[in-house]
Amino acid sequence: MNIEGKHYRTIWSDGESVFVIDQTKLPHKFEVVVWRSVEDAAHGIRSMIVRGAPLIGAAAAYGMALAMRAKPSDEALQHAYDLLVRSRPTAVNLRWALDRMSGLLKALSPSERTDAGYREALSIADEDAKNCSVLGERGLLLFSEAWNRLDQKRPLQILTHCNAGWLAAVDWGTALAPIYKAFNAGIPLHVWVDETRPRNQGASLTAWELSHHGVPHTLIADNTGGHLMQHGMVDLCIVGSDRTTAAGDVCNKIGTYLKALAAHANGVPFYVALPFSSIDWELQDGLKEIPIEERSSEEVTRITGKTAAGEVVTVTIGPEGTRAANFAFDVTPARYVTALITERGICTASAKGLAQLRDR
């Protein structure tokens, strides 16, 4: 995607160091961070300098490459795997990428591992960018159908939650990829952007992305979506997924479940866009089996913004001593999902639908 006229991916390498966009500084500051070690990569994933299931996978792959550059031994390989796999527990792409990297590197001699690690990490990043682009084309078909049902009389109204754009992937993104493809194709559209507390990825990241691409959008408080749907102001919802079970349950940013319930109650299609690598084929029941990350309470009690004087500050919004809970994700049961959009195709959120795509 383009930032101030220059194309960027969210992660890239010069064959030695790894470079990432620091998402904790957006939207007020655009800054690139340099990783030189596997410890840097693990910290970047843990602290959410990078986030989003597809990007976490690519970041973990580059972390393994950095580890092999430092010391391509079996012990270093296992240490890197163990360190990175603990950095974020929910997004399945993390483990998927680490297993892919580890399987390749273990089969090679130490002298081959450094170059092979960087090549494979780049392949994972390239595949993600391509898959997200194809996923966007799949979703574009649904968006075109929805706009045609409106007789093309007004812009298509879309609601999204959290950030599932190019910042959450290597490029294009998941839930935002069909939006970018539709906008580029000339379909008039408008996006309702949930602020997505507690980390405000909608306000800080999605709105920032859409602004740079020129896509019409409006930022709304998280509790506004149901009201908009009741009054016919949302034609469809689309979100991403950090982990999807083999039965079609979807784990995504906290608050997604509530949007799905509102959409179901008001007859609004609720789509989930995800790369095929985000499906956890070992799990069936998302509510019982997906680990839900609990993060620092400070993400709830403190908030960062820019003052009228242009200073970026972090303030406390609750009384001193008040405890805060911070569940990072929730699970939307498959019955509330209209369809899953992947690079392999569109299917029902069901074991049968996903199995059909898997067998292609």
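Among the strands (runs of 3 or more DSSP E) lying completely within the stretch 1-84, list those that include at least 3 residues that are among the β-branched types (V, I, T). Walk me through it before giving the result.
Numbers: elements: 11-13, 18-21, 32-35.
Here the list reads 18-21, 32-35.
Is it true that some residue in the stretch 125-138 is among the aliphatic types (A, V, I, L, M), touching a strand residue (DSSP E or B) at 6+ places or on another chain (Cβ under 8 Å) and under 22 Å from S37 (Cα atoms)?
Within the stretch 125-138, one or more residues are among the aliphatic types (A, V, I, L, M), touching a strand residue (DSSP E or B) at 6+ places or on another chain (Cβ under 8 Å) and under 22 Å from S37 (Cα atoms).
In the stretch 168-191, the residues that are in contact (Cβ under 8 Å) with a residue 12 or more places away in the chain and crowded, with 24+ Cβ neighbours inside 10 Å form Cβ pairs under 6 Å with partners that are among the hydroxyl-bearing types (S, T, Y) and in a loop (DSSP other than H, G, I, E, B), at six or more places apart or across chains, as follows: V170/T10. Across the stretch 2-53, the number of residues qualifying as within 17 Å of the chain's Cα centre (by Cα) and on the phi > 0 side of the Ramachandran plot comes to 2.
Are any residues in the stretch 106-116 out of contact with any Leu (no Cβ under 6 Å at 6 or more places or on another chain), in a helix (DSSP H, G or I) and either buried (at least 24 other Cβ atoms within 10 Å of the Cβ) or among the polar types (S, T, N, Q) (or both), and if so, which ones?
Matches in the stretch 106-116: S111, T114.
Taking into account only those residues within the stretch 85-101 that are more than 18 Å from the chain's Cα centre (by Cα) and of a type outside the set (D, E), which is surrounded by the most Cβ atoms within 10 Å (Cβ to Cβ)? Ranking the qualifying residues of the stretch 85-101, first place goes to M101. Being under 29 Å from G286 (Cβ atoms) and surrounded by fewer than 17 Cβ atoms within 10 Å (Cβ to Cβ), is that true of even one residue in the stretch 57-78? No, the stretch 57-78 contains no residue that is under 29 Å from G286 (Cβ atoms) and surrounded by fewer than 17 Cβ atoms within 10 Å (Cβ to Cβ).
Condition first: basic (K, R) and without any contact (Cβ under 8 Å) to a residue 40 or more places away in the chain. Now tell me which residues in the stretch 87-99 satisfy that. Give the derivation first.
Just the residues of the stretch 87-99 that are basic (K, R), to begin with: 88, 95.
If the condition is that a residue be basic (K, R) and without any contact (Cβ under 8 Å) to a residue 40 or more places away in the chain, then R95 is the only one that fits.
Within the stretch 141-167, the set of residues being among the polar types (S, T, N, Q) and closer than 26 Å to D222 by Cα comprises Q157, T160, N163. Quick check on S133: is it among the small types (G, A, S) and more than 18 Å from the chain's Cα centre (by Cα)? Taking the combined requirement at face value, the residue does not satisfy it.
All of the numbers you see were taken from the coordinates with simple rules; none came from a lab. Please read these numbers as outputs of a predicted model, since none were measured by experiment. Don't worry about glycine lacking a Cβ; one is built from the backbone with ideal geometry, like all the others, and counts go over all protein chains shown.
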